[in-house]
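Asker: For reference, the structure I am asking about is given below.
The values are calculated or read from the model by the stated rules, or taken from the named source; none is laboratory data. Since the model is a prediction, treat every value here as computed from it, not as a measurement. Here the Cβ is made from the backbone with ideal geometry for all residues, glycine too, and neighbour counts use every protein chain on show.
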Amino acid sequence: MLFTSAAMAQGNDDCANATPLSGDGVFAVDNTIGTGLDADPGCGNFGADVWYRWTATTTGTVNMDMCDGTTTYDSALALWDGSGCPTSLITCNDDSCGLQSGLIASVVAGNAYMIQVGGYNGATGTGNLTITTQPPGGGNDDCANATAISGPGIYNFDNSAATMDGTPDILCDEYGTQDIDLDVWFAYTAASTATVTVETCTSSLTVDTKIAAYDGACGGAILDCNDDTCGLQSTITFAATAGNVYMLRVGSFPGAAGGADTFAITEGGGGGGSANDDCANAEDITGQGSFNYDNTTATMDGAGDILCDAFGTQDIDRDVWFRWTADDTGTATVETCNGAGGDTKIAAYDAGCGSAILACNDDTCGLASQIMFQVTNGAVYMLRVGSFPGAAGGAGFFDISIDGGGGGGCVDSVYCSSLPNSTGATASIGWSGSCVVADNNFTLDMAGGPGNQPGLFIYGANQASIPFGNGILCISAPIIRLNAPVFMDSAGTASKVVDLANPPSQTGLITAGSQWNFAMWLRDPAAGGAGYTFTDGMSVDFQ
């Protein structure tokens, strides 16, 4: 039985004080007390680690993940052999499900292992660590002995010792065979009435999978079957009713080896995704600003394109659509850099579904995206906001600007992302007024910081992305300080008017046609560690 532990013991910042855990369960974790790195597992720029001494109660394949949607930060996860402070790394993972972590490993009942929970680049927050262990061969080799599972989540399977139990079907006819070899079975109870997606695309890619779903008990009608959707991995979808049971068959392409891996189940909303899940039902938006999206339950509607070719795929998964009318003529920038709800991928098209693609991007600012393309005042364009294939969806917002949108036809962009601070948010920087130098009416604005703390706006000519203090420094030397410091209000916002005619030094003179990069250093004692962090980095082209 899975259970949730109450507050896990604080004080497990050091490996020597690891919190004891045993068996399978859902355990609350908190690395906000993490002050450093006891051991470097070599993935995810691991930092701010806390430790757990876990004893396996079952021999088999363990799945550990932070993928249930409760984790508030960009996590990292490692598993070490033995009960002492680690000497032998078993495995490590940064991003398994969007920005969250998951790993699988072979374990022996009675043996102890060290679990290291940290954050990418030292990010901190809270969440749940889910641990499930499956015996070799799974015990679910036959449909009659299917493992019971319920609702969305990531589930591990092991078909290394399985045989073939199910029968062939025409829906499974791919590459000359209708069979699924080395199959293991799961009796899945749907938690909601929705379109269900089952996929191995977010797995560790160790098994050439082939999967199928059936209605009701063993021998029920087949609903869907798939071999290769994402490389050698598989995706199926079917309509489910809350409370009904469906048989899931997870196996290998005939002749391929079995192994231990994971599959993911997501349940869409309202009978198949968001209202603007399809291009034909695109949401109408106009002008510049920030616009909300939610692709948590979305499916993939658009086609791949060579402009979208990144990390081996041209697809945009879990896409939602917007029909956008431009309110100016110039260069439009559409980006999720300030409000990404996961690992985004975005594209823009001419008016109408099926029109020519104008721009596409996966990662410009961390795992977030930015595209730029020419627009005409009053013209309509289709915007497609989705996720990198296999990554989880989520709620977030995207920003649209045209030639800077705020004054004088200037261009600004966020080029460097910040890390979560003690509030759980990421601090961001922006500007208001005019970026026409002759106007001398330029104000820096920031939001998302810890309330009632001091900060200092900085700028420079050189962009960077350097782990520093508790955050990321987005500017490299020489760095110019805009004294004096300002205090954030209780909501964590602050502003400073910049006198463009009288810079702190002549090396920082802002002239028409120049580009400068801005950020803010901010005090954050509640976060511990270095006690300070930074906003993201923004570049501005002045006129």
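Asker: So the check is Cβ under 6 Å with 6+ separation or different chains; which pairs have a first residue in region 406-430 that's more than 27 Å from T72 (Cβ to Cβ) and modelled with pLDDT under 85 and a second one that's surrounded by fewer than 19 Cβ atoms within 10 Å (Cβ to Cβ) and among the aliphatic types (A, V, I, L, M)?
Answerer: Listed by first residue and then by second, the contacts come to G408/V436.
Asker: Now for a different question. Mind listing whichever residues of region 19-39 are at pLDDT 90 or above and over 24 Å from the mean Cα position of the chain (by Cα)?
Answerer: T19, P20, L21, S22, G23, D24 - these are the residues of region 19-39 that are at pLDDT 90 or above and over 24 Å from the mean Cα position of the chain (by Cα).
Asker: Being modelled with pLDDT of 90 or more and hydrophobic (A, V, I, L, M, F, W, C) is the filter here; which residues of region 447-460 pass it?
Answerer: L456, F457, I458
Asker: Going residue by residue through region 264-281, is there one that turns out to be closer than 14 Å to P389 by Cα and of a type in the set (A, V, I, L, M, F, W, C)?
Answerer: Yes: one or more hits.
Asker: Quick one: D524 ticks every box in (1) within 21 Å of G433 (Cβ to Cβ); (2) at pLDDT 90 or above except a single one, so which number is it?
Answerer: (1)
Asker: How many of the residues making up region 415-429 are surrounded by 20 or more Cβ atoms within 10 Å (Cβ to Cβ) and of a type outside the set (S, T, N, Q)?
Answerer: Residues flagged as surrounded by 20 or more Cβ atoms within 10 Å (Cβ to Cβ) and of a type outside the set (S, T, N, Q) within region 415-429 amount to 5.
Asker: Inside region 22-107, counting only strands (runs of 3 or more DSSP E) that do not spill past its ends, which hold 1 or more residues that are over 20 Å from G529 (Cβ atoms), in contact (Cβ under 8 Å) with a residue 40 or more places away in the chain and of a type in the set (S, T, Y)?
Answerer: Ranges flagged: 46-55, 60-65, 102-107.
Asker: Return yes or no: is A148 closer than 12 Å to F186 by Cα, of a type in the set (A, V, I, L, M), touching a residue at least 40 places away in the same chain (Cβ under 8 Å) and in a helix (DSSP H, G or I)?
Answerer: Against the criterion (closer than 12 Å to F186 by Cα, of a type in the set (A, V, I, L, M), touching a residue at least 40 places away in the same chain (Cβ under 8 Å) and in a helix (DSSP H, G or I)), A148 does not qualify.
Asker: Looking only at residues that are more than 21 Å from I265 (Cβ to Cβ) and among the β-branched types (V, I, T) in region 285-315, which one is nearest to the chain's Cα centre (by Cα)?
Answerer: T313
Asker: Quick one: A275 ticks every box in (1) part of a loop (DSSP other than H, G, I, E, B); (2) closer than 30 Å to T177 by Cα; (3) without any contact (Cβ under 8 Å) to a residue 60 or more places away in the chain bar one, so which box is it?
Answerer: Answer for A275: the failing condition is (2).
Yes/no per residue for (1) closer than 21 Å to N156 by Cβ; (2) modelled with pLDDT under 90; (3) surrounded by 18 or more Cβ atoms within 10 Å (Cβ to Cβ):
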position: V207; (1), (2), (3): yes, yes, yes
position: Q233; (1), (2), (3): yes, yes, yes
position: G243; (1), (2), (3): no, yes, no
position: Y246; (1), (2), (3): yes, no, yes
position: R249; (1), (2), (3): yes, no, yes
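Asker: Only one residue in S96, S88 is of a type in the set (S, T, N, Q) and either surrounded by 16 or more Cβ atoms within 10 Å (Cβ to Cβ) or at pLDDT below 80 (or both), so which one is that?
Answerer: S96
Asker: If you go through region 288-305 one residue at a time, do you hit one that is assigned to a strand (DSSP E or B), crowded, with 21+ Cβ neighbours inside 10 Å, in contact with a strand residue (DSSP E or B) (Cβ under 6 Å, 6 or more places away or on another chain) and on the phi > 0 side of the Ramachandran plot?
Answerer: no
Asker: Specify the residue that is nearest to M66 (Cα to Cα); the eligible residues are those in region 11-22 that are among the small types (G, A, S) and loosely packed, with under 15 Cβ neighbours inside 10 Å.
Answerer: Applying the filter and picking the extreme gives S22.
Asker: Then there's this: Conditions: (1) crowded, with 22+ Cβ neighbours inside 10 Å; (2) more than 27 Å from T193 (Cβ to Cβ); (3) not β-branched (V, I, T). D350 meets all but one. Number of the miss?
Answerer: Only one criterion in (1) crowded, with 22+ Cβ neighbours inside 10 Å; (2) more than 27 Å from T193 (Cβ to Cβ); (3) not β-branched (V, I, T) is unmet by D350, namely (1).
Asker: Inside region 123-140, can you point out the residues that are in contact with a Phe, Trp or Tyr (Cβ under 8 Å, 6 or more places away or on another chain) and outside any strand (DSSP E or B)?
Answerer: Selection gives A123, T124, G125, G138, N140.
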